[in-house]
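Working notes, structure below.
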Amino acid sequence: MNQPTMNIHGHNEVAAIFSRYASNVKLKTITAVHPKVSEHMAMATNFVTLGELWSSHVEMEEEDEAIFSRIKVLIENHLPDGWRDWKVIDWKKEDLFGKKIDHKVLNKIRFALPTLELVKAFYPEATSVGEKTYRNIKLRLLDWNLCRALIMSPRQVACQLRGSMAQAELFNKAVEPLKHTMRSRELTSEV
């Protein structure tokens, strides 16, 4: 029986590069992250720009709308020129992480926005943030496709969102000036 080949953007070369990368990090294939990955990436029909995600209307409660508006201000203020044209695969949260997000993966997630300002978007008056609160902030951010599109770590997730390792590396290079503002929960505990 023939193994199906993963085809990203119609380029088997990119799939080969990604497979080599995956084997270097002790993953047999990218499907080790989630079984639907190669199927979804082969279709690659859900590529959208960050600008399209920005403009799309998402049903949410009034409190969430206020938070989301503050996050949009952060995006406008911190991402480099041209960010609205960046393309990503619009993954559903469950397709990207499964029904339940592994806590080890959740701990490694970093968004391409200043962490302290993200906390302030949720809790403007906060002076500190606990581990559970920080985890809940991340989980809420993962509910919104625009925020999922800003994941830069872990690498496997960033590659899935951008369709290839090369595109993920370009994204990370573009947001590199922000890296010093992206912190772990421990460094964020004092807001």
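Here, each number is a calculation from the coordinates, and none is a lab measurement. What you are looking at is a predicted structure, and each value in this text was computed from that prediction instead of being measured. Positions of Cβ are backbone-derived with ideal geometry, glycine not excepted, and every protein chain shown enters the neighbour counts.
Figure the gain on full extension for Glu94 and Ala166 (residue separation times 0.36 nm, minus the Cα-Cα span) and round it to one decimal in nm. Don't jump to the answer; show the numbers that get you there.
Numbers: separation 72, 0.36 × 72 = 25.92 nm, distance 2.41 nm.
Result: 23.5 nm gained on full extension.
Are there GluC sites (Glu not before Pro) in segment 95-174 that DSSP marks as loop and that have at most 11 other Cβ atoms within 10 Å, and which are they?
Numbers: sites: Glu117, Glu125, Glu131, Glu169; in loops: Glu125.
Hits after loop and neighbour filter: Glu125.
Of Lys93/Lys179; Lys99/Lys173; Lys132/Lys173; Lys99/Lys138; Lys100/Lys173, which ones are farther than 27 Å apart at the Cα? Flagged as over cut-off: Lys99/Lys173; Lys132/Lys173; Lys100/Lys173. Can you list the residues of segment 95-138 with backbone N under 19 Å from a point 7 Å past the Cα of Lys72, pointing along Cα to Cβ? Only 112-114, 118-124 fall inside the zone, counting backbone N under 19 Å.
Label zone (Asn107, point 7 Å along Cα-to-C-beta; backbone nitrogen cut-off 18 Å) within segment 134-177: 134-139, 153-157. For segment 44-188, relative contact order (Cα pairs under 8 Å, six or more residues apart, normalised by length) works out to 32 percent.
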